[in-house]
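A.B. asks: I have a structure I would like to understand better, so I am pasting it below and will then ask my questions one at a time.
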Amino acid sequence: QVSDFAWMDMKNNPVDVVIGPIETYEDQLFGYRAAYESYVLIKDLKWSERLAKFAAFLPELQKDLPVDAKYKQEVPGSDADLNAYDVVYYAGHSNAGSKTIAINLP
């Protein structure tokens, strides 16, 4: 979707807002139906800068994964982001039960 690409192009934003039908964990029949959730995240700029150097290793790490080559067809780009965030708001499905410790969307 256009909004996904626009979100991925944002590099210097201090706030991230994620809203939508995202995870499908609760649909135990087919795994199709997604639950609505939302987050408001404040980027920890200092920690994000420290993590950024590891993004360059993603293609090499994927190459060495112990899985069939068919699962490695998509190669992570060199412009991938690794950031640290403080979550200031959870709502919807993301507020049920334990909180996620990683966000890797889209």
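The values are calculated or read from the model by the stated rules, or taken from the named source; none is laboratory data. The shown structure was predicted, so the numbers you read here are calculated from the model rather than taken from an experiment. Reconstructed Cβ throughout: ideal geometry from the backbone, glycine too, with neighbour counts over all protein chains shown.
A.B. asks: Please go through region 68-98 and pick out each residue that is part of a helix (DSSP H, G or I) and not hydroxyl-bearing (Ser, Thr, Tyr).
C.D. replies: Scanning region 68-98 gives 69, 70, 72, 93, 95.
A.B. asks: If you take the residues of region 82-106 that are closer than 18 Å to residue 10 by Cα and loosely packed, with under 14 Cβ neighbours inside 10 Å, which of them is modelled with the lowest pLDDT?
C.D. replies: Step by step, filter region 82-106, then rank; the result is 106.
A.B. asks: Condition check: within 26 Å of residue 94 (Cβ to Cβ), surrounded by 13 or more Cβ atoms within 10 Å (Cβ to Cβ) and modelled with pLDDT under 90. Does residue 6 satisfy that? Walk me through it before giving the result.
C.D. replies: On the way: within 26 Å of residue 94 (Cβ to Cβ): yes; surrounded by 13 or more Cβ atoms within 10 Å (Cβ to Cβ): no; modelled with pLDDT under 90: yes.
It is false that residue 6 is within 26 Å of residue 94 (Cβ to Cβ), surrounded by 13 or more Cβ atoms within 10 Å (Cβ to Cβ) and modelled with pLDDT under 90.
A.B. asks: Restricting to region 32-55, name every residue that is in a strand (DSSP E or B), of a type in the set (Ser, Thr, Tyr) and loosely packed, with under 15 Cβ neighbours inside 10 Å.
C.D. replies: Within region 32-55, 36 is the sole residue that qualifies.
A.B. asks: For residue 65, state whether it is in a helix (DSSP H, G or I), over 17 Å from the mean Cα position of the chain (by Cα), over 25 Å from residue 99 (Cα atoms) and free of Cβ contacts under 8 Å to residues at least 24 places away in the same chain.
C.D. replies: In short, no.
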